[in-house]
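A short worksheet on the structure shown next.
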Amino acid sequence: MGTQPAAEPRPDGTPKIVGIVWGLLILNTLGSAGAKTIVPLPRSLIQMVTMGALVAAFTLALAVNPRLRIRAGAYVFLLTLLLVPSVISSVNLESGFGALFRCARLALFVGTLWLLSRWWDGGLTFVRHHIRMYFAVLGSVAAGLVISPGAAMPELYGGRLVGALWPLTPPQIGQYAAVIIGLTVLLVLGRRTDRASAAVVLVPSLVLLALTHTRTATLGLFIGLALAIGSLILTSAAARRFFTWAVLCAAVAAVGLGSALQAWFLRGQSQENFTSLTGRAKVWDALLAEPRTTAEKVFGMGLGDKSFGGLPIDNSWLAVYQEQGVIGVALVAAVIIVLGGVALLRPPSLQRACAIFLISYCAIASYTEAGLGDASPYLLHLALAASLLAAPAEAATPLATPDVPQRHIPRWARRSEVT
């Protein structure tokens with residue numbers, strides 16, 4: 001009988017080049033639009049760097065996995081299906097030739113994830129790659145703040161922190177900071193890193209998150225951590241202690257710093273502007289009221305820049321509906337439901353807690369941020385969650401040696417052998 005494909009020898013660890021590929025994917029999803037930088041960077045140059053990073057990531061992934069060994073998984077499969085409505089709606093060129101370019105980008109992005117899926121074994125390797133790369137990005141933000149505080153906190157963004165060396169918006173910086181804060185806290189609770197190393201990541205990240213005044217990232221961090229730590233309470237004494245202290249500190253802060261926290265949360269906005277989600281609700285209403293053909297409702301208008309009428313949509317579900325139609329919305333919903341369902345069915349563990357944090361954060365952020373239907377940091381966060389929920393690869397089982405019947409040796413022969 002032949003051996004099963006799952007019985008292939010497991011690679012000895014994850015090659016270092018896989019971490020480079022993951023970093024290149026993160027670089028690709030940083031985007032090319034944002035605040036004005038200290039040294040003006042042409043958008044064409046930024047796009048060349050980000051797209052070059054994606055091509056390099058796919059090439060290196062193919063080089064490290066030349067036999068195309070992959071692990072079948074629902075997450076990457078659903079992303080592959082998402083390509084179908086993307087291409088069908090984009091070939092009409094209603095969104096211009098850029099739609100086909102974005103389809104090619106999404107295809108390369110998904111193809112790279114397929115190649116990396118070979119090393120998705122439920123370990124924490126990709127979590128560490130995730131934290132290191134995004135911390136490096138936050139390092140560039142901090143460097144820009146030190147070099148030119150005026151450029152890093154311009155009046156155009158209401159004094160909120162932006163990327164002064166690389167064009168990053170406050171929501172982007174807030175997202176990166178919140179994600180690595182949450183993952184680092186969970187690693188500390190799971191005793192997978194020491195407190196000194198964690199403090200090096202947590203302290204500057206918390207400062208940068210506060211300077212961005214990003215409400216979505218802050219709420220996503222707190223709610224995601226609450227759900228993740230809640231999944232560990234029954235099995236981890238450290239999680240129970242942390243949860244207790246967090247509740248006490250939150251209560252004290254709410255009483256003693258209530259007015260300051262409210263001012264930070266409102267960001268100087270009027271009540272009307274706050275209730276309309278900084279004008280987002282008006283764009284959403286106009287998008288839903290737009291007349292559409294049946295084909296446009298089903299398949300969308302084609303991949304675009306996540307805007308409607310020249311204004312950002314800032315909602316993943318409506319952005320997917322605009323670009324990939326009802327089919328796209330159903331597939332994205334299936335991604336969240338499948339990952340969430342698998343996470344709930346897994347036994348309590350640090351990996352499961354990290355996955356719950358990432359899934360819940362992306363679900364919360366999807367209400368005021370776009371990105372679940374195209375190559376974006378949110379899809380990378382969910383890919384990391386999928387890698388954490390993957391079952392460990394089975395080690396190779398040696399083939400059983402058939403039993404060979406022993407030959408009967410007469411006594412006189414055995415006596416002659418002894419003599």
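Are there any trypsin sites (Lys or Arg not before Pro) in region 23-97 that are in a DSSP loop and have at most 15 other Cβ atoms within 10 Å? List them by number. Passing both the DSSP loop test and the Cβ count: 36, 67, 69.
With a Förster radius of 35 Å applied to the beta-carbon distance between residue 334 and residue 92, the computed FRET efficiency rounds to 0.90. Coordinate range of the alpha-carbon atoms in the chain per principal axis, descending: 107, 57, 40 Å. The Cα atoms of region 95-167 give a gyration tensor whose axes a ≥ b ≥ c have a/c of 1.5 or more with a/b no greater than b/c, which makes the shape oblate.
Cα centroids of region 328-345 and region 353-383: how far apart, whole angstrom? About 11 Å separates the Cα centre of region 328-345 from the one of region 353-383. Once the Cα atoms are used to define both axes, helix 43-64 deviates from the longest principal axis of the chain by about 10 degrees.
Take the chain and mark each of the GluC sites (Glu not before Pro) that is in a DSSP loop with at most 16 other Cβ atoms within 10 Å; the longest unmarked stretch, sites excluded, is 95-393.
Taking label points 7 Å from Cα along the Cα-to-Cβ direction, residue 51 and residue 155 give a separation of 3.7 nm. Two numbers describe the Cα atoms of region 45-188: Rg and Dmax, which are 18.4, 53 Å.
For region 177-227, the relative contact order is 51 percent, taking Cα pairs closer than 8 Å that sit 6 or more residues apart in sequence and dividing their mean separation by the residue count.
Taking 7 Å steps out from each Cα toward its Cβ at residue 136 and residue 67 produces label points 3.0 nm apart. Residues in the chain average 50 Å² of solvent-accessible surface per residue, probe 1.4 Å, ligands and nucleic acids excluded. Here the simple spin-label model places points 7 Å from the Cα toward Cβ, and for residue 307 and residue 286 these points are separated by 1.2 nm. Mark the label point 7 Å from the Cα of residue 146 along Cα→Cβ and return the residues of region 204-237 whose backbone N is within less than 20 Å of it. Inside the label zone: 204-212. Extension gain, residue 206 to residue 326: 0.36 nm times the residue separation minus the Cα-Cα distance gives 39.4 nm. Shown here: region 27-69, whose C-alpha atoms stretch 44, 13, 13 Å along the first, second and third principal axes, sorted largest to smallest.
Taking amide H positions as modeled 1.01 Å from N, with prolines and chain starts lacking one, the residues under 5 Å from residue 308 and 5 or more places away or on another chain are 313.
Just the number, please: carbon plus sulfur as a percent of the accessible area of the chain, 1.4 Å probe, no ligands or DNA/RNA counted. Result for the chain: 67 percent of the exposed heavy-atom area is carbon or sulfur.
The values are calculated or read from the model by the stated rules, or taken from the named source; none is laboratory data. This one's a predicted model, so the numbers in the text were calculated from it and none came from an experiment. With ideal geometry, Cβ positions are generated from the backbone for all residues, glycine too; neighbour counts draw on all protein chains shown. Side chains included, ligands, DNA and RNA excluded: accessible areas come from the protein's heavy atoms. Shrake-Rupley method; radii C 1.70, N 1.55, O 1.52, S 1.80 Å.
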